[in-house]
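Some notes on the structure that comes next.
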Amino acid sequence: MTTNGDIDSILQRGAEGGRITPDEALLLYTQAPLHALGEAADTVRRRWHPEGIVTYIIDRNINYTNVCVTACRFCAFYRAPKHHEGWSHGMDEILRRCAEAVELGATQVMLQGGHHPEYGVEYYESLFSGVKAAFPQLVIHSIGPSEIMHMAKVSDVSIDEAIARIKAAGLDSIAGAGAEMLPARPRKALAPLKESGERWLEVMAAAHAQGIDSTATMMMGTGETATERIEHLRMIRDVQDLAVSRGFVPVAVSEKGAAIGGFRSFIPWTYQPENNHLKGRTQATSLEYLRLIAVARLFFDNVAHLQASWLTTGKDVGQLALHMGVDDLGSIMLEENVISSAGARHRSNLHELISMIRTADRIPAQRDTWYAHLAVHRTPADDPTDERVVSHFSSIALPGGGAGTRINLPLVDVN
């Protein structure tokens, strides 16, 4: 029989940096009082990040194609091969979007797309090297294990060779794309044509071994159980343990270019129900999301950063997450099409995001991909003044938007 004393003991151990088991994490997720759970998670945040700094990044998600053979049931972005709404952007268009991002202060681009049946390793070598040649200052934080497996299959090469070649071409960091839910039952229900969660993690571990670190993600709210949510965390932590055993030690803030190794951050987000086969049948509540955030901060004793997804949960929940162990609010995304196509309509601008951080009694700071601080805004006098830095609705979701449509930034009226 579980008692309040049992829960208090687990919370105390987790707050002090002790490891909690998956069963204990499940107990906290389902039964711990919310305020006590948040307080313990915030204690962990303060130990990792004692200065009270909450970071953000300016970046742009650039989709090179929406053609995909995987047909995930939750995805509103993809189109099957030969579909009349399928498209691919050429290098000139991709570089144009990179140039816009650089002009607005972006330090990172995320190049993402579908599993195009003709795009092997050679395509990605050309894509990454082309971006790096034109914009060497941009960090390429892109693709995920699913794309790596797909390109290796198309080119008939090993996973290790595919990783080595795209790294040499300019890939700096791997995104947590394609994680969705890692446990077998929900993953098969969501994406029956995708690789297993175990295989997704194996590719991540292979990339870590070659010196490419990454983020880890989780999409919650598609009908998975509380137990399966915790199992997702357990699977990620085990792979991070492997990275630590290889000598990659997670740190709170690294110098740019330093090898953190493994997963540098965990980013849970909530399923968006529009324009896909799942529709609105399953979604996570704000409370479920906040509890998961807090448990993740306690559970991941080997991951330095925890990011809130205000794009999917809303800015109010994003700000509340700052009191549940979160130290990063992610990005002002100058472009985002995939989640937006499924219904994410939350937007912000740079001043508002900084205000969200400051009014939560935290110190805002712009970061790079590796969480090095580029600018710390200790007082309002330190704040940036560029009014053009605005996140926007999907260009595909906007009237008149979509492939081949040139929409000048900013894409929304911040007023």
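Observations
- A189, sole failed condition from (1) among the hydrophobic types (A, V, I, L, M, F, W, C); (2) more than 26 Å from A304 (Cα to Cα); (3) under 19 Å from the mean Cα position of the chain (by Cα): (3)
- Residues considered: E147, E180. Of these, the only one that is buried (at least 18 other Cβ atoms within 10 Å of the Cβ) and part of a loop (DSSP other than H, G, I, E, B) is E180.
- Complete set of residues in region 227-252 that are among the hydrophobic types (A, V, I, L, M, F, W, C) and either assigned to a helix (DSSP H, G or I) or without any contact (Cβ under 8 Å) to a residue 24 or more places away in the chain (or both): I230, L233, M235, I236, V239, L242, A243, V244, V249
- The lone exception for I62 - which of (1) modelled with pLDDT of 90 or more; (2) of a type in the set (A, V, I, L, M, F, W, C); (3) assigned to a strand (DSSP E or B) it fails: (1)
- Members of region 10-52 found to be under 22 Å from S286 (Cα atoms) and either among the hydroxyl-bearing types (S, T, Y) or in contact with a Phe, Trp or Tyr (Cβ under 6 Å, 6 or more places away or on another chain) (or both), listed by number: A25, Y29, T30, T43
- Residue match in region 100-115 (condition: modelled with pLDDT of 85 or more, within 23 Å of M204 (Cα to Cα) and in contact with a His (Cβ under 7 Å, 6 or more places away or on another chain)): yes
- Qualifying residue in region 107-121 (condition: in a helix (DSSP H, G or I) and of a type in the set (A, V, I, L, M, F, W, C)): yes
- Hits in region 232-252 (condition: modelled with pLDDT under 90 and either in contact with a Pro (Cβ under 9 Å, 6 or more places away or on another chain) or of a type in the set (V, I, T) (or both)): V249, V251, A252
- From the list E195, E274, E255, E224, the one residue that fits, being within 16 Å of P145 (Cβ to Cβ), outside any helix (DSSP H, G or I) and modelled with pLDDT under 95, is E195.
- Pairs meeting the criteria (first residue in region 81-100 and under 22 Å from S129 (Cα atoms) and touching a residue at least 40 places away in the same chain (Cβ under 8 Å), second residue of a type in the set (K, R) and surrounded by 15 or more Cβ atoms within 10 Å (Cβ to Cβ), beta carbons under 7 Å, at least 6 apart or on different chains) are R97/R60.
- Contacts under 9 angstrom Cβ, first residue in region 360-385 being without any contact (Cβ under 8 Å) to a residue 12 or more places away in the chain, partner among the aliphatic types (A, V, I, L, M), 6 or more apart: A375/A365; D382/A375; D382/V376
- Tabulated pairs, region 152-169, first surrounded by 19 or more Cβ atoms within 10 Å (Cβ to Cβ), second assigned to a helix (DSSP H, G or I) and of a type in the set (S, T, N, Q), C-beta under 6 angstrom, 6+ apart or interchain: A169/S129
- Counted residues, region 331-372 - those being under 20 Å from L111 (Cα atoms) and at pLDDT 90 or above: 5
- Being closer than 26 Å to S331 by Cβ and among the acidic types (D, E) is a condition met by no residue of region 106-124.
- Test: residue in region 59-72 that is out of contact with any Ser or Thr (no Cβ under 6 Å at 6 or more places or on another chain) and under 21 Å from R264 (Cα atoms): yes
- Number of the condition not met by G114 [criteria: (1) surrounded by 20 or more Cβ atoms within 10 Å (Cβ to Cβ); (2) over 23 Å from the mean Cα position of the chain (by Cα)]: (2)
- Selected residue (criterion: surrounded by the fewest Cβ atoms within 10 Å (Cβ to Cβ)) from residues of region 374-394 that are modelled with pLDDT of 90 or more and within 11 Å of Y56 (Cβ to Cβ): A375
- The set of residues from region 19-49 being surrounded by fewer than 16 Cβ atoms within 10 Å (Cβ to Cβ), free of Cβ contacts under 8 Å to residues at least 40 places away in the same chain and not acidic (D, E) comprises T21, Q31, P33, H35, R46, R47.
- Listed conditions (1) part of a helix (DSSP H, G or I); (2) modelled with pLDDT of 90 or more are all met by V54, apart from (1).
The values are calculated or read from the model by the stated rules, or taken from the named source; none is laboratory data. Just so it is clear, the structure is predicted and the values come from calculations on it, not from any experiment. Cβ atoms come from the backbone with ideal geometry, glycine included; neighbour counts cover every protein chain shown.
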